[in-house]
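Just so you know, all these numbers are worked out from the coordinates, no wet-lab data involved. What you see is a predicted model, and the numbers here were worked out from it, not measured in a lab. When we count neighbours, we look across all protein chains shown, and the Cβ atoms used for this are built from the backbone with ideal geometry, even at glycine.
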Amino acid sequence: MSESDVIVVGGGNAALCAALAAAERGARVTLLERAPAEQRGGNSFVTAGAFRFPYGGADDIAKLVQDGALSRSGSVEIGRYTGDELLADLQRVTASRTDPDLARTLVSQAFPTMQWLHGKGVQFVLAYDRQAFLVDGRHRFWGGVVVKARGEGPELITTLYRAAQGARVAIQYGARATELRPQAGTLRWLVRATVNDASRDYLAPAVVLACGGFEANPEMRGAHLGPRWKQVKVRGTPHNTGDGIRMGLAAGARPFGDWGGCHAVAWDLNAPGLNEKRLSQTFERDSYPLGVCVNVRGERFVDEGADFRSFTYARHGQEIMRQPRQTAFQIFDQKVASLLKKPYTLPGTSRIDATSWAELAQKAGIEAHTLGRTMAEFNAAVNARPFDPAVKDGKAAAGITPPKSNWAQRLDAPPYLCFPVTCGITFTFGGLKITPCAEVVDAAGQKIRGLYACGELAAGLFYENYPGGSGLMAGAVFGRVAGYEAAASAGHGE
Ligand SMILES: Cc1cc2nc3c(=O)[nH]c(=O)nc-3n(C[C@H](O)[C@H](O)[C@H](O)COP(=O)(O)OP(=O)(O)OC[C@H]3O[C@@H](n4cnc5c(N)ncnc54)[C@H](O)[C@@H]3O)c2cc1C
């Protein structure tokens, strides 16, 4: 039996923020990470480290980033991104279903939390490679995200673990929490975990559940997302199998959020089923706004330019899931080849090169006649506006179904590059109901004493879709809040 003030279940970004915040208030913290040490960090480890937060301009970014370019006005254009814009983006992509109280907390706490992370040692850099295009010699940032953790997910997680060790958080690797219940006759929770095949009990007055969604659990995916999702490729950790959600529900928590929804992207057709080898974003294929997507019948099925990639990529996987054989083909020509993101150029990428539509159809296994017609119709529908990838340029292919609303250029510069893709699931949206203070709520709307949740398993922010860079930000905001609140409930106030 091990006793502490706060038990944090999970070992990713949200868990580490909770542990650091609780320790900052003087609480004795135990962190249980299911993964062995060499696989620690959950999905957070494999991220690009991109954070979405409101900022007023270069002065705010300079508080987080030491980048000479910021002082050389003229070479970068980062603009600003207000709290109202972040709120509006959250509402727009979730069709106004985002929980207003959680959304407001995210918006108001995001920038202070970025500064807090910086204070814990996390270094940030401008996300040139993900969120900017070089236009007329200037790096133009787009889509509301300008910053990522230096060294991306791996360095973010290494830094947070280092800070947790420095704050004397007791970290137990290889510890899979399996049971959560109040200890009879006390005001404490008992967390039972399997550690190296043995059962161990942990006791504390406060518990923070931060152990991810159920994206790596085929049965739960099949039950909640639909039968097709049982077979989907998983982009992140194999350890997020919904344990925290199940334990929370068993303790009386109210299920909440979009249980049928998930974050899912275009992913290399030949990627492994589980991204176990920490290949990170190697298989990500999200430059589709620059080209055209077709299915095996040769038909387009989505408006590739409906919005910036940050606002469409997380639901793009679901569109592919609806296509025959859950397969699609992203097609580009030489005009945009240099604008494709780095993963498209890595060795092992599935790619077909062809100089004609007939050759491409034959090599890729696409219905040839329809592909030829689709591309001819598309090219004929493109308007004459100038192309600018850094703004919504209104360069559209209109009068066809579906239209392409921005960045539509004729595909007429062979050799054509074709990337076969399928759906890769990132994380699930359904989970537990929390208050803006990360307190877990029961079916009657009452707070469950001493129980907190954050990260992917705390539901209500994301429905059907998601604005890129919000997962790490929400995990950090509600993780920090959960840590402070858990420490306070264990008697360690400010
Ligand atoms: C390839 C990829 C790229 C991404 N890029 C970005 C990005 O750039 N920006 C962004 O905002 N989001 C990104 N995301 C989404 C982001 O990863 C998540 O939103 C965020 O990391 C969730 O953090 P978390 O702490 O809730 O979960 P995780 O980081 O997944 O952590 C969950 C932890 O719980 C542990 N665990 C699970 N079950 C148990 C158990 N029973 N007992 C103990 N521990 C358990 C796991 O081992 C893991 O350590 C990306 C995701 C992927 C897969």
field: Two-site FRET efficiency, A444 against H118, from Cβ-Cβ distance with R₀ of 30 Å, rounded to 0.05
entry: 0.15
query: How much length is gained if the chain between Q165 and R192 is pulled fully straight, taking 0.36 nm per residue apart and subtracting their Cα-Cα distance, in nm to one decimal?
result: 7.4 nm
- line: Quick calc: nm separation of the 7 Å Cα→Cβ label points for T158 and T401 -> 5.3 nm
query: If you take the beta carbon distance between Q66 and A337 as r and set R0 to 41 Å, what does 1/(1 + (r/R0)^6) give as a FRET efficiency, to the nearest 0.05?
result: 0.80
message: Give me the one-decimal nm value for the distance between modelled label points at A95 and E3, 7 Å along each residue's Cα-to-Cβ direction.
response: 5.2 nm
task: Extending each Cα 7 Å along its Cβ direction at E494 and R385, get the distance between those two points in nm, one decimal.
output: 4.7 nm
- request: Mind checking which aspartates and glutamates have their Cα closer than 12 Å to the Cα of K148? Skip sequence neighbours fewer than 8 apart in that chain.
  value: D129
query: Between D393 and A368, 0.36 nm times their residue separation minus their Cα-Cα distance comes to what?
result: 5.9 nm
query: Can you list residues whose amide H is under 5 Å from R188's amide H, if they're 5+ apart or on another chain and H is modeled 1.01 Å from N?
result: Q183
field: Relative contact order (%) - criterion: Cα under 8 Å, at least six apart; region: segment 209-281
entry: 39 percent
Interchain or long-range residues, amide H under 5 Å from K335's placed H: A413
statement: So, relative contact order of the chain in percent, Cα under 8 Å, 6 or more apart, is 24 percent
FRET E, pair T178, R325, Förster distance 30 Å, beta-carbon r, rounded to 0.05: 0.20
task: Going by C-beta contacts inside 10 Å, put M321, M247 in order with the fewest on the left.
output: M321, M247
query: So which DSSP H runs in the chain come out at 18 Å plus along the axis (Cα) with average Kyte-Doolittle of at least 0.0?
result: 470-489
With eigenvalues of the C-alpha gyration tensor scaled by 5 and rooted, segment 264-423, Å: 23, 18, 15
- line: Listed with the fewest Cβ neighbours within 10 Å leading, T94, T158, T47 appear as T158, T94, T47
task: Write down Rg/Rh for the chain, rounded to two decimals, with Rg from the C-alpha atoms and Rh from the Kirkwood relation over Cα pairs.
output: 0.99
message: Just to be sure I follow: if Rg is taken over the C-alpha atoms of segment 395-442 and Rh is the Kirkwood radius over the same atoms, what is Rg/Rh?
response: 1.32
field: Cβ-based exposure ranking for S199, S287, in which fewest neighbours within 10 Å come first
entry: S199, S287
message: Please compare each pair in K63/K392; K120/K447; K233/K395 to a cut-off of 32 Å on the Cα-Cα distance and tell me which ones are over it.
response: K233/K395
- line: Summing -39500 (n - 2.57) over every DSSP H run of at least 4 residues in the chain and dividing by its residue count gives a helix-only mean residue ellipticity at 222 nm, to the nearest 500 deg cm²/dmol, of -8500 deg cm²/dmol
Largest-first principal axis extents of the Cα set of segment 1-136 (Å): 63, 36, 27
